[in-house]
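First up is the structure itself, then whatever we jot down about it.
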Amino acid sequence: MKLPNPPKLVRFMLRHILNGLVIGAVFVLVLIWTDFMGIGTMLKTDDSGLATFLLFFQTSFTFGAVSMAIAVMHLGEDED
């Protein structure tokens with residue numbers, strides 16, 4: 001059974017949300033890898049992994065929402 005294609009606007013929104021999620025995840029990975037302000041060290045001491053999950057989750061969804069909002073705000077502009 002073939003699933004129907006979602007409408008063009010839904011694909012547009014999902015594409016931009018996913019771009020933001022990836023950018024947010026990469027941003028958090030860079031913060032942890034460079035140990036910016038001791039974030040990587042703090043996360044190493046958390047045995048449950050909840051802090052790392054929450055940092056990835058919140059940051060990625062924030063970046064995704066911002067990416068989607070920027071894309072929607074630029075919908076009516078003509079490209080030169």
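What follows draws every value from the coordinates through simple rules; no lab data is involved. Just so it is clear, the structure is predicted and the values come from calculations on it, not from any experiment. Counting neighbours? That spans all protein chains shown, and the Cβs are built from the backbone with ideal geometry, glycine included.
Considering Gly49, Gly40, which residue is surrounded by 11 or more Cβ atoms within 10 Å (Cβ to Cβ) and small (Gly, Ala, Ser)?
Unique residue meeting the criteria: Gly40.
Are there any helices (runs of 4 or more DSSP H) wholly within the chain with 2 or more residues that are touching a residue at least 40 places away in the same chain (Cβ under 8 Å), and if so which?
Those helices (runs of 4 or more DSSP H) span 8-34, 50-73.
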